[in-house]
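**Q** The structure that follows is given in the form of structure tokens.
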Amino acid sequence: MGLFGNKKEEEYEDEEGFSEEEEYRDRKLTRKFKDLNPENKRKRKEPPKPWGKSERLTVLIFFLITTLLATGMFLFSHDFKLPGLPKISFKNINMGNPFGEEIIQVGQKSSSIQNDAKAQKAITQFKNNIQPLSGFYGFLVVRLNDGINYGVSSDSQFQGASLLKLPLITLMYKMSEEGSLDLDTKYTLRETDKVRGSGVLFTQSAGTTYTYRKLAEYMGKNSDRTAYKVMKDVIGADKLKNYLNEIGMNSTNIETGMTTPNDFGLLFTKLWNGKLVGQTNRDEILGFLQNTIYENWITAGVPKNTKVAHKFGQDTKVIADGGIVLADKPYVLIIMSQGINENDASVIFPKISRDIYTIENDVQ
């Protein structure tokens, strides 16, 4: 058997012509190697790279879009006014011709009486004060003894926030004088009336009763959002809108909350002059606007013995305060801002108020 097996193996080798060792050596010699000759470079195929041109371009575009969006959101949140730089806005762009004339407005618009040294001084100080700050500021002063007014960006749109509670209060008292609303009517608070935010009524139990007059007081002293909702529903949003137009607050929108310093300067001036309500009701409203829970702004800039009847409003990056400074020479002061740093505003509002008081009352 052993001889037979060897014979068959020998016959197998003779038939194939090479041994297993020769076959392995032949496979090794015929293995393909990478051609590194420079003249054959075009014939060679490069292995695919993990980051090709299209991938790198996609990443670059994504990076640029993300950067532009982040920059745009930052500028928008600061109302396109950065520290030490003027506010820049683009107006009157011809959309039919994108390459046409474009007007670029830089800085903030001033309005003052010519040759009025006090107004010029107040405007100059205001601009110097806000120059190093981010965000957008505007102000208006109305001298109640003669009606002369001046300011910076007083016709620009700002978010008024809770300042818009004041027109509703004056409308309530106007309707009371007309006999269409009884301020001593009692209202029972419901759970669905409650609105989170400023005020105290949100924490009160449903079923508690308040007079309309008391709700007006809560809106004045506490800027109560629940009280505002209740009385707005009682009176009606359409009636409030019509009232704003009737008294000339044409740039104020109760739905968006946008308004101007001029509109609220007009409101306070008319309230003071008895053109909205009678003197008794005027004094009661002004009483609601004194010794409020928000006395760190305009009120903080005047002497402690000087009364200020004002309405304060605040939202994200928005602060507004406006009212009547009951000094020897009484005046309306409205300060509005948006896109601002709230820590900056807590310093600059009292400073602006102090500057105006000093100038208007000839304080040395």
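**Q** Being more than 13 Å from Gly147 (Cβ to Cβ) and of a type in the set (A, V, I, L, M) is the filter here; which residues of the range 256-280 pass it?
**A** Listed by number, the residues that qualify are Met258, Leu267, Leu271, Leu276, Val277.
**Q** Taking Phe268 as the residue in question, decide whether it is modelled with pLDDT of 95 or more, farther than 20 Å from Gln338 by Cβ and crowded, with 22+ Cβ neighbours inside 10 Å. Break it down into steps so the answer makes sense when it comes.
**A** Details: modelled with pLDDT of 95 or more: yes; farther than 20 Å from Gln338 by Cβ: yes; crowded, with 22+ Cβ neighbours inside 10 Å: yes.
Taking the combined requirement at face value, the residue satisfies it.
**Q** State yes or no: is Lys329 on the phi > 0 side of the Ramachandran plot and either buried (at least 21 other Cβ atoms within 10 Å of the Cβ) or in contact (Cβ under 8 Å) with a residue 12 or more places away in the chain (or both)? Reasoning before the result, please.
**A** On the way: on the phi > 0 side of the Ramachandran plot: no; either buried (at least 21 other Cβ atoms within 10 Å of the Cβ) or in contact (Cβ under 8 Å) with a residue 12 or more places away in the chain (or both): yes.
Against the criterion (on the phi > 0 side of the Ramachandran plot and either buried (at least 21 other Cβ atoms within 10 Å of the Cβ) or in contact (Cβ under 8 Å) with a residue 12 or more places away in the chain (or both)), Lys329 does not qualify.
**Q** Right, next: Which one of these does Ser180 not meet: (1) of a type outside the set (A, V, I, L, M, F, W, C); (2) part of a loop (DSSP other than H, G, I, E, B); (3) in contact with a helix residue (DSSP H, G or I) (Cβ under 7 Å, 6 or more places away or on another chain)?
**A** Answer for Ser180: the failing condition is (3).
**Q** Mind listing whichever residues of the range 151-169 are on the phi < 0 side of the Ramachandran plot, among the hydroxyl-bearing types (Ser, Thr, Tyr) and buried (at least 22 other Cβ atoms within 10 Å of the Cβ)?
**A** Those that are on the phi < 0 side of the Ramachandran plot, among the hydroxyl-bearing types (Ser, Thr, Tyr) and buried (at least 22 other Cβ atoms within 10 Å of the Cβ): Ser154, Ser162.
**Q** Select from the range 137-182 the residues that are of a type in the set (S, T, N, Q) and more than 31 Å from the chain's Cα centre (by Cα) and write down the one among them that is modelled with the lowest pLDDT. Please lay out each step first, then the result.
**A** Taking the range 137-182 and keeping what is of a type in the set (S, T, N, Q), we get 145, 149, 153-154, 156-157, 159, 162, 170, 176, 180.
Applying the additional criterion that residues be more than 31 Å from the chain's Cα centre (by Cα) yields 145, 176, 180.
Details: Asn145: 94, Ser176: 98, Ser180: 97.
The qualifying residue modelled with the lowest pLDDT is Asn145.
**Q** Kindly evaluate Asp224 against the criterion of being assigned by TED's automatic domain parsing to the domain that holds Val277 and more than 19 Å from Phe288 (Cβ to Cβ). Don't jump to the end; show me each part of the working.
**A** On the way: assigned by TED's automatic domain parsing to the domain that holds Val277: yes; more than 19 Å from Phe288 (Cβ to Cβ): no.
Spelling it out, it is not the case that Asp224 is assigned by TED's automatic domain parsing to the domain that holds Val277 and more than 19 Å from Phe288 (Cβ to Cβ).
**Q** For residues that are out of contact with any Ser or Thr (no Cβ under 8 Å at 6 or more places or on another chain) and assigned to a strand (DSSP E or B), tally how many sit in the range 277-323.
**A** Applying the first criterion (out of contact with any Ser or Thr (no Cβ under 8 Å at 6 or more places or on another chain)) to the range 277-323 yields 278-280, 282-284, 286-291, 295, 303-307, 309, 315-316, 321-323.
Right, trim to assigned to a strand (DSSP E or B) and you get 307, 309, 315, 321-323.
Number of matching residues: 6.
**Q** Mind listing whichever residues of the range 332-364 are surrounded by fewer than 23 Cβ atoms within 10 Å (Cβ to Cβ) and either without any contact (Cβ under 8 Å) to a residue 12 or more places away in the chain or hydroxyl-bearing (Ser, Thr, Tyr) (or both)?
**A** Asn343, Ser346, Val347, Tyr357, Thr358, Asp362, Val363, Gln364, listed by residue number.
**Q** Name every residue in the range 203-217 that is of a type outside the set (A, V, I, L, M) and touching a residue at least 24 places away in the same chain (Cβ under 8 Å), in order of residue number. Walk me through it before giving the result.
**A** Pass one, the range 203-217, residues of a type outside the set (A, V, I, L, M): 203-205, 207-214, 217.
Residues satisfying the conditions are Tyr210, Thr211, Tyr212, Arg213, Glu217.
**Q** Provide a single number: the residues in the range 211-231 that are outside any helix (DSSP H, G or I) and either buried (at least 20 other Cβ atoms within 10 Å of the Cβ) or under 28 Å from the mean Cα position of the chain (by Cα) (or both). It would help to see each step written out before you state the result.
**A** Filtering the range 211-231 down to residues outside any helix (DSSP H, G or I) leaves 211, 222-224.
Those left that are additionally either buried (at least 20 other Cβ atoms within 10 Å of the Cβ) or under 28 Å from the mean Cα position of the chain (by Cα) (or both): 222-224.
Number of matching residues: 3.
**Q** Is it the case that Leu201 is more than 28 Å from Gln338 (Cβ to Cβ), buried (at least 17 other Cβ atoms within 10 Å of the Cβ) and aliphatic (A, V, I, L, M)? First the steps, then the outcome.
**A** Working: more than 28 Å from Gln338 (Cβ to Cβ): no; buried (at least 17 other Cβ atoms within 10 Å of the Cβ): yes; aliphatic (A, V, I, L, M): yes.
The answer is no for Leu201.
**Q** Follow-up question, since we're still on this one. Return a yes/no flag: does the range 160-167 have any residue that is of a type outside the set (D, E, K, R), under 27 Å from Ile123 (Cα atoms) and in a loop (DSSP other than H, G, I, E, B).
**A** yes
The values are calculated or read from the model by the stated rules, or taken from the named source; none is laboratory data. The structure displayed is predicted, hence computed values, not measured ones. Here the Cβ is made from the backbone with ideal geometry for all residues, glycine too, and neighbour counts use every protein chain on show.
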